[in-house]
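Visitor: Below are the structure tokens for one structure; questions will follow.
The values are calculated or read from the model by the stated rules, or taken from the named source; none is laboratory data. If you're wondering where the values come from, they're calculated on a predicted model, not measured in any experiment. For neighbour counting, all protein chains shown are included, and Cβ atoms are generated from backbone atoms with ideal geometry for every residue, glycine included. Accessible surface areas use protein heavy atoms only, side chains included; no ligands, DNA or RNA. Shrake-Rupley method; radii C 1.70, N 1.55, O 1.52, S 1.80 Å.
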Number of protein chains: 4
Amino acid sequence: MSHNTFGHLFRVTTWGESHGVAIGCVVDGCPPLIPLTEADIQGYLDKRRPGQSKYTTQRRELDQVQILSGVMTDTDSVQKTTGTPISLMIENVDQRSKDYSEIALSYRPGHADYTYDAKYGIRDYRGGGRSSARETAMRVAAGAIARKIIGDITVRGALVQVGPHRIDRDRWDWDAVDANPFFCPDPVTAENWATFLDEVRKSGSSTGAVIEIVADNVPAGLGAPIYGKLDTEIAAALMSINAVKGVEIGNGFEAAAISGEENADEMRMGNDGVRFLSNKAGGVLGGISSGQPVVARFAVKPTSSILTPRQTITADGEETDIVTKGRHDPCVGIRAVPVGEAMVACVLADHLLRHRGQVGTTG
Amino acid sequence: MSHNTFGHLFRVTTWGESHGVAIGCVVDGCPPLIPLTEADIQGYLDKRRPGQSKYTTQRRELDQVQILSGVMTDTDSVQKTTGTPISLMIENVDQRSKDYSEIALSYRPGHADYTYDAKYGIRDYRGGGRSSARETAMRVAAGAIARKIIGDITVRGALVQVGPHRIDRDRWDWDAVDANPFFCPDPVTAENWATFLDEVRKSGSSTGAVIEIVADNVPAGLGAPIYGKLDTEIAAALMSINAVKGVEIGNGFEAAAISGEENADEMRMGNDGVRFLSNKAGGVLGGISSGQPVVARFAVKPTSSILTPRQTITADGEETDIVTKGRHDPCVGIRAVPVGEAMVACVLADHLLRHRGQVGTTG
Amino acid sequence: MSHNTFGHLFRVTTWGESHGVAIGCVVDGCPPLIPLTEADIQGYLDKRRPGQSKYTTQRRELDQVQILSGVMTDTDSVQKTTGTPISLMIENVDQRSKDYSEIALSYRPGHADYTYDAKYGIRDYRGGGRSSARETAMRVAAGAIARKIIGDITVRGALVQVGPHRIDRDRWDWDAVDANPFFCPDPVTAENWATFLDEVRKSGSSTGAVIEIVADNVPAGLGAPIYGKLDTEIAAALMSINAVKGVEIGNGFEAAAISGEENADEMRMGNDGVRFLSNKAGGVLGGISSGQPVVARFAVKPTSSILTPRQTITADGEETDIVTKGRHDPCVGIRAVPVGEAMVACVLADHLLRHRGQVGTTG
Amino acid sequence: MSHNTFGHLFRVTTWGESHGVAIGCVVDGCPPLIPLTEADIQGYLDKRRPGQSKYTTQRRELDQVQILSGVMTDTDSVQKTTGTPISLMIENVDQRSKDYSEIALSYRPGHADYTYDAKYGIRDYRGGGRSSARETAMRVAAGAIARKIIGDITVRGALVQVGPHRIDRDRWDWDAVDANPFFCPDPVTAENWATFLDEVRKSGSSTGAVIEIVADNVPAGLGAPIYGKLDTEIAAALMSINAVKGVEIGNGFEAAAISGEENADEMRMGNDGVRFLSNKAGGVLGGISSGQPVVARFAVKPTSSILTPRQTITADGEETDIVTKGRHDPCVGIRAVPVGEAMVACVLADHLLRHRGQVGTTG
């Protein structure tokens, strides 16, 4: 039962609540002899960390990761994985539990407050408890390890839509992504988003977003029919991120509207084998990678933590209104970019390990 | 490793190729004492069966299911499940292997031909082999058993878009779904689709589609954070269906474009507990059902089996053109409706069994 | 949940009842391009088949296996695996349901009759239903495929104890195993067993047995701490066989009685690396193979199907006596030899595939 | 892949090396609303802790457990589980790495040194690293939580053999178990063991042992054919404990030597349903509990850490001798008693949760 675990050969189990002592994860199945230090992980965590611009929550999360097991300094003085489980932990340092007295009683619309109570009969209301996006820090940490396994495969993400405003794909520039606080690949749109998000922030409102993840240098042959498809597992990985409501592979929902002629990715011979004339499929055919870039997108809803009062009920069945005070995140989709990258990296690492186990195997 | 298996407590393992001796599945984890006959399953299979109108492939699949194990006639003369694995089999009766000589050599664009060869070094080219949509017959069969487990929960599907043509949601009528060959809930749009699909069919082209699945009477509390979320598993289940390129829960990608105020499903007290004022979330909050209808949509691409020649290569690296002769399916999305229903029913059955194991458990 | 499935990368799901239409299994995870025909499997099934001597049940099981999926005749005219699930089926041809009227009502001591009813509220009493040793035919079939994967590794089994009578290990001769109806490696003891088992058979009694399985040419490095240990999974595989009550690895329970000095397998250098001076460990250290032969033993209880009346109760709570009429198996342990071999082969195949996925993996 | 995870619905993932920063585990699947504090766990850890008598290693392990997640103080001021993963950690305080310089180079016979190197190409030689029995502390911790789930079911263990010396079963007294340093249920034998183990200890030798675990009040119906049998999973759980070489259920290997008449557990009606006249089966029939006490035994080999030099090789392929200096454990089997109890408790908790998910399920 994979309630808090994802992956098969590369397995990640996360634990911890937003305002508990710490959060952490156990990464099992990482091959041995891979150089790994806390610094390798910290860089990706810093990218996800809130409070880095006025467009994300000002909650202070230092997110200092510790490796508690699974590595050892080898005879060459390099710290390496040993093949045993890698335990990672981040201590929670900014636990303002006092902000959360109201939501102990009332269910915030659009949050998991009501459903956790319905399922468990108890819920950790402090900062959202287990349902907080804080859990995604451990996904990013695990993703940093996954990247070490997948080697030449690169996984990059970008924000392609904020509220109703989409980027212009003709201006796509990967170098621009790190040059603005939105992971936006289109510098012109990034400026428009700044204006838009200032308004959202000032009005205490929030907005949704769409993130695109692209994996390059994926070899052909990763994935597996029928229920372990590469795109199936990417879809699950992305849909499991907080606030995600939709996932697409390749041209996604656009495929529904066009003809078979338009949708076919025709093939010619290139210098290194097959050359596809387009990539409508997003790099996956029949659940198996084709050697083209793997392209996935996911939609993040606007957070329900807003200043406008919303109608709700209390745990005791009283009708009331609720306003989320304190620090706000006008667009939670921004910080979902490194999380989406990490999830795709984990799925690819998992499939790469599975692939090695399954081919060229006769005696 | 769940390559050909889905589910956790309610597990379905499918096997078989399009033009092999038979296809089948093993359903493990079905509770005992549930009345079950072949007729219970056959009805759903008939709904998926091709050749029922000119809008789906004329390939003859009788799809006569046999129950090989897991049931027994009880003392009350009713055939019931025994709690042991239920083995289902459908013999393949229409195996026109002669039609498939060309694709033994050439890779059809948009099909899994190339990627299967890249992964396995061998592929069953007859009718698409394992990657054929024929496999989905066993999903429908398993779904029929899942429906018996979920009891009062109903799972219904409808086609809501064909090519660029969407239904008018104000005309949604569940009764209309069975009154046209498209599972269309909007009778007016159904007629327009008939005209459109006639053209598509006559020109030897194909078109994509969007299917919506709605589960009513889902109790609050099904699902599980963080990686076993109800919506995550529905997304995976739907994305695993052949030709699916996108999945949405609730308002899906629309959520990206709107504000937190618009997206909040406010709550009031009703006669039987909470009453939600809207269902943007699609019945799932934090991965757990809220008691509202669970709503999911998925996009099916147009099949690449079309009469217009497409550029491709052969297994030997020669450039060539390919035309898919023989029987065509202008809109594979139509037959995906009962398949989507079945997948959602299976996920709900699985979560219902898990739910029973986890609550109210102290000594 | 692996109720009817074993293995991780090499997965076997079995189905079917003793007196149903058929029994079968689905083997998932078999690598592609392995030559495989029904004849490859049939040879091992014939070894397990009852009725081959007067020392095993005279029940007629033809056990003719069919491969329903997962193989294809390649361009070289050789039938090979394709990497997709291999479905195997054996039709049940000798279903004398009339023999089983009494046990529909009464619980046979030592059988699963009572516990199946306690768990499921229904049970297939015909020939033991799902709890019949008939299910082990599919283990043997799956084991035949596993042997193709493990290549040079050989897995052989022998009966080393029948009732209180043990073999003399100094006379161990693998060639003798196939020269007597007991799989006995000691020709002298085999003759004694013949006398002993004649008496057991004539008196309508039964006796237990101990089987030893030896795997040669196992490379060092298979297995995995902590819960996926090679010996742990062998123990589970053997204990899951019907009527097994004990499992040992290497010197097993004898290890409890001796000193650390006696128990140490000392090491010297040989021509091809390490040379162990003894094999008390049975080829496994810390859950990982050492390169020595893997040695496991398991104890099979005497079947409770005997002619002497035993006290029991009926499903209605009446006290009664029961005698098992019809065909008897004086020593079910004999037929457990090929089953034990198959289980060990499956575990080794699984670990071999896992091993390939996990080493030498940096980028 | 369950390398470092065991269980299905009640899942335990352990991590950590003997001389790393800490060891820990994540317990997933524990139902909510169960009162749980660190004190509940600490009591069982103290029972396993070394250094409590001269008969176990003098290594100082304080084993102070911390609960890092998954609990919350409820409105009634009682700390309870919330249904989310419970993360437990014990910091390592006694890490005398200096003792371990020699084994960095040489392989200790009977240890996992050689096989870890063969598998991973790297090994944490400090205190045995991951293969150290230190890992079993987390099993005991997880077992303490499992006991809370199984309620009225009690799980008790006892040492029944030390070296060649067995207890007299006629003198079995559960109250005696805690009154001697050996968990011995027979006070007379306990005194003999004291003498024997003094000699073993003084000579720097070691000895094996046999442990028996008994679970009382197990309801009928737990377990599941065919590969998820209750006895199969108990066998795996016990075999996964360090140094275990054999496992028995009920009368175990003795069953091989007796007749079907002797082995049958006859049934009569008692006041509360069925009454068995014996318990040769050890409480499990066909993999499902019968309502009788579940009885399992396991054999622990003598540790190879002894003062007598043993022949071995170095990682560089040099022949050498090795002596394990420092603290010794004359009989590691003593401390295996609470570990065995914990493993059986975990398996029972897992099956109890599964059982709840599977019965009484129509509509």
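Visitor: Which residue, C:320, C:189, C:75, tops the fluctuation ranking in a GNM of chain C built on C-alpha contacts under 10 Å?
Guide: Top of the fluctuation ranking is C:75.
Visitor: Can you list residues whose amide H is under 5 Å from residue B:64's amide H, if they're 5+ apart or on another chain and H is modeled 1.01 Å from N?
Guide: Hits under the 5 Å cutoff: B:91.
Visitor: Provide the per-residue ³J(HN,Hα) series for the stretch C:162-170, in order, calculated from phi with Karplus coefficients 6.51, -1.76, 1.60 and θ = phi - 60°, each as a whole number of Hz, with x at glycine and proline positions.
Guide: Per-residue couplings from phi come out as 10, x, x, 9, 9, 6, 9, 5, 5 Hz.
Visitor: Summarise the accessible area of the stretch C:10-165 (1.4 Å probe, protein heavy atoms) by the percent that is carbon and sulfur.
Guide: 48
Visitor: Per residue of the stretch B:265-271, what does 6.51 cos²θ - 1.76 cosθ + 1.60 with θ = phi - 60° give for ³J(HN,Hα)? Whole Hz please, x for Gly and Pro, Karplus curve as stated.
Guide: 8, 5, 10, 10, 8, x, 5
Visitor: Aspartates and glutamates near residue A:229 by alpha-carbon distance under 16 Å, same-chain residues fewer than 8 away left out - which ones?
Guide: In chain and number order, the partners are A:248, A:350, B:113, B:117, B:135, B:233, C:28.
Visitor: Turning to a different aspect of this structure: Please give the residues from the stretch D:20-48 for which the solvent-accessible area of heavy atoms, probe 1.4 Å, is smaller by at least 40 Å² with all protein chains in place than with the chain isolated.
Guide: Those are D:21, D:26, D:28, D:32, D:33, which lose 40 Å² or more relative to the chain on its own.
Visitor: Which whole-angstrom value gives the distance between the alpha carbon centres of the stretch C:173-197 and the stretch D:273-313?
Guide: Here the two parts' Cα centres lie 30 Å apart.
Visitor: Taking H as built 1.01 Å from N, whose amide H comes closer than 5 Å to the amide H of residue D:18, not counting residues under 5 places away?
Guide: For residue D:18, whose amide H was placed from the backbone, the distant partners under 5 Å are D:129, D:130, D:132.
Visitor: So for the pair residue C:105, residue B:179, with labels modelled 7 Å out along Cα→Cβ, what separation do we get in nm?
Guide: According to this spin-label approximation, the distance is 5.8 nm.
Visitor: Defining the label point at 7 Å along Cα→Cβ, can you sort the distances from residue B:321 to the same site in each other copy, shortest first, in nm?
Guide: Distances to the matching label points in the other copies: 6.8, 8.5, 8.8 nm.
Visitor: Report, ordered by chain and residue number, the aspartates and glutamates lying within cross-link reach of residue D:80, taken as a straight Cα distance under 12 Å and ignoring same-chain residues fewer than 8 apart.
Guide: Once the sequence-local aspartates and glutamates are set aside, what remains near residue D:80 is A:124, D:38, D:40.
Visitor: Right, something else. Computing the accessible area with a 1.4 Å probe over protein heavy atoms, can you report the carbon and sulfur percentage for the stretch B:198-309?
Guide: Reported share for carbon and sulfur atoms: 48 percent.
Visitor: Springs between alpha-carbon atoms under 10 Å, Gaussian network over chain B: tell me which of B:70, B:129, B:317 tops the mean-square fluctuations.
Guide: Evaluated over chain B, the most mobile residue of the options is B:317.
Visitor: Mind checking Rg over Rh on chain D, alpha carbons, Kirkwood formula for Rh?
Guide: So for chain D, dividing Rg by the Kirkwood Rh gives 0.98.
Visitor: Say the cut-off is 31 Å between C-alpha atoms; which of B:245/C:119; D:202/D:280; A:301/A:325; A:148/B:245; D:202/D:245; D:54/D:119 go over it?
Guide: B:245/C:119; D:202/D:280; D:54/D:119
Visitor: About its Cα centre, how strong a charge dipole does the stretch A:189-281 have in debye, to the nearest 20, once Lys and Arg get +1 and Asp and Glu get -1 at the Cβ?
Guide: 260
Visitor: Turning to a different aspect of this structure: Once you sort the root eigenvalues of the Cα gyration tensor of the protein assembly as shown as a ≥ b ≥ c, which label holds: rounded (a/c under 1.5), prolate (a/b larger than b/c) or oblate (the other case)?
Guide: Since a/c reaches 1.5 and a/b is larger than b/c, the shape of the protein assembly as shown is classed as prolate.
Visitor: Roughly how many Å² is the accessible area per residue of the protein assembly as shown, as a whole number, for a 1.4 Å probe?
Guide: 31
Visitor: Now a separate question. Specify, for chain D, the residue whose C-beta is closest to the rotation axis mapping it onto chain B, with the distance given in whole Å.
Guide: Of all Cβ atoms in D, the one closest to the rotation axis yields D:357, 2.
Visitor: Moving to a separate point now. May I ask you to report, in nm to one decimal and beginning with the shortest, the distances from residue A:199 to the same position in the other copies, taking label points 7 Å along Cα-to-Cβ?
Guide: Label point to label point, same position, other copies: 3.9, 9.2, 9.9 nm.
Visitor: Note the distances from residue C:169 to each other copy's matching label point, with points 7 Å along the Cα-to-beta-carbon direction, in nm, sorted shortest first.
Guide: Copy-to-copy label distances for residue C:169: 2.5, 7.0, 7.5 nm.
Visitor: Please list, ordered by chain and number, the residues whose modelled amide H lies under 5 Å from the amide H of residue D:83; skip anything fewer than 5 residues away on the same chain.
Guide: Sorted by chain and number, the residues that satisfy this are D:33.
Visitor: Note the buried accessible area between A and D here, summed over both chains, with a 1.4 Å probe, in Å² to the nearest 100.
Guide: 3200
Visitor: Moving to a separate point now. Given the -39500 (n - 2.57) contribution per DSSP H run of 4+ residues, what per-residue ellipticity at 222 nm results for chain D, rounded to the nearest 500 deg cm²/dmol?
Guide: Result for chain D: -8000 deg cm²/dmol, rounded to the nearest 500.
Visitor: When the dipole is taken about the Cα centre of the protein assembly as shown, and only Lys, Arg (+1) and Asp, Glu (-1) are charged at their Cβ, what size is it in debye, to the nearest 20?
Guide: The dipole of the protein assembly as shown has a size of about 0 debye.
Visitor: Using a Förster distance of 35 Å, how high is the FRET efficiency between residue A:323 and residue B:172, based on the Cβ-Cβ distance and rounded to 0.05?
Guide: E between residue A:323 and residue B:172, to the nearest 0.05, is 0.50.
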